[in-house]
Amino acid sequence: MPSDPNQLVSDDEREQAVSLLRAGLVDGRLTLDEFSQRVEFAYGARVGSELAWARSGLPDRGRGPLARPRRRPTRLTAALFGHVVRRGRLRLRRRTVALSAFSDLDLDLREAELDTAVTSVAVLVLFGNADLYVPEGVEVSVAGVGLFGHRREWGRDIARPDVLLLRVHALSLFGTVDVWRVPADAPGDYGEIMDRVKELSC
């Protein structure tokens, strides 16, 4: 990063900042939402002071190993015969499973902490519904099979490739799987979030 805060930054310096942000996400220092916002700001930075803000609070990578988060990883989220909402600073490893059977499941990953730059979420639905919420700007790949139901993606796909990848593998029988790309300014209530994202999708 340039020593002069008013000096124009290069593409290489922006990429270095994004690399630092990715390391901060994997180390549990940033949530998925914080990471998404800072990456967008870093790529739009024109001068050193703006790039410094995107990196603020993160240690330089040359200062030795960073402490691993102590939060236990979320390996399984299950909803059985009810309605389950799972959100907050969930820690996800390389793979996690979400299961909804005769239920509704809201899995909110906007504040999640990821251990790797590529994370897979297997979503299994039987006579139910699963809604996944991810921050806008994160690369999401959705694939899978649905019988007598649907699988849909909502929101603007404005992710930057090679920054972070969240793979969603959906398998549903008489069920629905919806992935919502949520902008940072969206309201907190899930019904309002859905309405806002649908507006942006039109």
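Filtering the stretch 15-53 to residues that are within 30 Å of Arg71 (Cβ to Cβ), surrounded by 15 or more Cβ atoms within 10 Å (Cβ to Cβ) and of a type in the set (D, E, K, R) leaves Arg22, Asp27, Arg29, Asp33, Glu34, Arg38, Glu40. Residue pairs whose Cβ atoms lie under 7 Å apart, sitting 6 or more positions apart in sequence or on different chains, and linking a residue in the stretch 51-62 that is at pLDDT 80 or above to a partner that is among the hydrophobic types (A, V, I, L, M, F, W, C) and assigned to a loop (DSSP other than H, G, I, E, B), are Leu51/Met1; Leu51/Val9; Leu51/Ala45; Ala52/Met1; Ala54/Ala45.
Looking at the stretch 75-137, what strands (runs of 3 or more DSSP E) fall wholly within it and have at least 3 residues that are not acidic (Asp, Glu)? Quick ask: steps written out before the conclusion?
Working: elements: 76-80, 83-86, 95-101, 104-108, 118-126, 129-135.
Of the strands (runs of 3 or more DSSP E) lying wholly inside the stretch 75-137, those with at least 3 residues that are not acidic (Asp, Glu) span 76-80, 83-86, 95-101, 118-126, 129-135.
Restricting Arg160, Arg151 to those that are under 14 Å from the mean Cα position of the chain (by Cα) and open to solvent by 30 Å² or more (accessible area, probe 1.4 Å) reduces the list to Arg160.
The values are calculated or read from the model by the stated rules, or taken from the named source; none is laboratory data. This structure is a prediction, so every number in the text was calculated from the model and none was measured. Note that each Cβ is placed from the backbone with ideal geometry, even for glycine, and that neighbours are counted across all protein chains shown. To get the accessible areas, we keep the full protein, side chains included, count just its heavy atoms, and leave off ligands, DNA and RNA. Shrake-Rupley method; radii C 1.70, N 1.55, O 1.52, S 1.80 Å.
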